[in-house]
1. Output the residues belonging to the range 216-261 that are touching an Asp or Glu at 6+ places or on another chain (Cβ under 6 Å), at pLDDT 95 or above and within 20 Å of residue 151 (Cβ to Cβ).
2. Can you pull out every residue in the range 44-74 that is over 23 Å from residue 101 (Cβ atoms) and either outside the structural domain of residue 108 (by TED's automatic domain parsing) or in contact with a strand residue (DSSP E or B) (Cβ under 8 Å, 6 or more places away or on another chain) (or both)?
3. Answer yes if at least one residue in the range 157-179 is assigned to a strand (DSSP E or B), crowded, with 20+ Cβ neighbours inside 10 Å, among the β-branched types (Val, Ile, Thr) and not assigned by TED's automatic domain parsing to the domain that holds residue 65, and no otherwise.
4. Working only within the range 178-198, note down all residues that are over 15 Å from residue 158 (Cα atoms) and of a type outside the set (Gly, Ala, Ser).
5. Determine whether the range 182-191 contains at least one residue that is at pLDDT below 95, part of a loop (DSSP other than H, G, I, E, B), touching a strand residue (DSSP E or B) at 6+ places or on another chain (Cβ under 6 Å) and not assigned by TED's automatic domain parsing to the domain that holds residue 67.
6. Considering every residue within the range 195-203, establish whether at least one is more than 14 Å from residue 275 (Cβ to Cβ) and either at pLDDT 95 or above or within 16 Å of the chain's Cα centre (by Cα) (or both).
Amino acid sequence: MKEKFWCDTGFAVTRDYCGLFDLDKWPARNVLEDLGFLRSYAAFEVMESRGDVVFHYKQHFERLSQALAKLRMPVPLQAGEFLLELEVFLEKKIREVVEINRLKSALIYVFVSGGSTNDLFHPSTPSNIFILAKKFSFARFKPDKGLKLKTIPWKREFPEIKTTNYLGAEIALFGVGAMGYDDVLYAPEGVLLETSRANFFIVKTLPNGRVVINTSFLKDENGLPFVLSGVTRQIVLMLSEKRDYLVSESLVLMKHLEETEEAFVVSTTRGVWPVVKIDRIDLAIGPITMKLRKEFLKYRRNYFENRGVVDKK
């Protein structure tokens, strides 16, 4: 393989000496000099793979490339040719990591940091890339056990970007976990946005019987980012429209919970997952949530099968 600048940082070793984190060949001191570790200056993506097929890889890469541009990572993102090269490079490396670890079904974590630093603050090298693969299966989740969410009056910093800065969520989870909650629901000034790792939806039925699926819009009226544009979120919105549900991307307020019949979250790791409690409000695991979960799993299965991978989950 022709050597590229993102291989020159010496952070990894694979068959072509580029792309896979290897502690034996990459000294721990290099981790300590990486801006992702030192300053949380890093973007990442989480993807599911089965065999050598990554679920909606192009959509994940598109979001990652947008994040790198917004974070002004030290990579020449202005050139379309470079983006195509990086897209192909990362997909190749992901397949290699999966193959080396002999994973039939995996979660893939791709981290792109601001690079190494000499003064512990400013980048002194191009971005470092880390790829982590973990065994994964939806079968280990039990959807009959819904999530309990505790609202907190915060909003994620840079909500449109998946950064590695989860400090606020980690601290909050210590407290809400002790209270019996599974996750936090960001709710600044009573506006329900998203959980620490998933997009949030509510369900209600109109007097005429029409089902409404409501989730926060991506940006407010001033164009300011509100929540992450989740890949699973977009799929669920599409599936909802196919079922002739009325899809509403708008403000979701605390007061709306009074007429909410169901609530759920969506993410790469959970698919569609029911919510059974928000603060002191109890919710049922309803038929709409479970239909959408079933539709999503069917969509996911077809996605892999259409690309030659039989999904038995």
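The values are calculated or read from the model by the stated rules, or taken from the named source; none is laboratory data. Because the structure is predicted, anything quoted here is derived from the model rather than measured. Note: ideal-geometry Cβ built from the backbone for every residue, glycine included; neighbour counts use all protein chains shown.
1. Of the residues in the range 216-261, the ones touching an Asp or Glu at 6+ places or on another chain (Cβ under 6 Å) are 217, 225-227, 239, 247.
Still in the running and at pLDDT 95 or above: 227, 239, 247.
Within the range 216-261, 227 is the sole residue that qualifies.
2. Of everything in the range 44-74, those that are over 23 Å from residue 101 (Cβ atoms) and either outside the structural domain of residue 108 (by TED's automatic domain parsing) or in contact with a strand residue (DSSP E or B) (Cβ under 8 Å, 6 or more places away or on another chain) (or both) turn out to be 63, 67, 68, 71, 73, 74.
3. No: the range 157-179 contains no residue that is assigned to a strand (DSSP E or B), crowded, with 20+ Cβ neighbours inside 10 Å, among the β-branched types (Val, Ile, Thr) and not assigned by TED's automatic domain parsing to the domain that holds residue 65.
4. 179, 181, 182, 183, 184, 185, 189, 191, 192 - these are the residues of the range 178-198 that are over 15 Å from residue 158 (Cα atoms) and of a type outside the set (Gly, Ala, Ser).
5. Among the residues of the range 182-191, not one is at pLDDT below 95, part of a loop (DSSP other than H, G, I, E, B), touching a strand residue (DSSP E or B) at 6+ places or on another chain (Cβ under 6 Å) and not assigned by TED's automatic domain parsing to the domain that holds residue 67, which makes the answer no.
6. Among the residues of the range 195-203, not one is more than 14 Å from residue 275 (Cβ to Cβ) and either at pLDDT 95 or above or within 16 Å of the chain's Cα centre (by Cα) (or both), which makes the answer no.
Residue-wise test of (1) more than 19 Å from residue 61 (Cβ to Cβ); (2) crowded, with 18+ Cβ neighbours inside 10 Å.
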position: 97; (1), (2): no, yes
position: 101; (1), (2): yes, no
position: 104; (1), (2): yes, no
position: 111; (1), (2): no, yes
position: 116; (1), (2): yes, yes
position: 120; (1), (2): yes, no
position: 128; (1), (2): no, yes
position: 131; (1), (2): no, yes
position: 135; (1), (2): yes, no
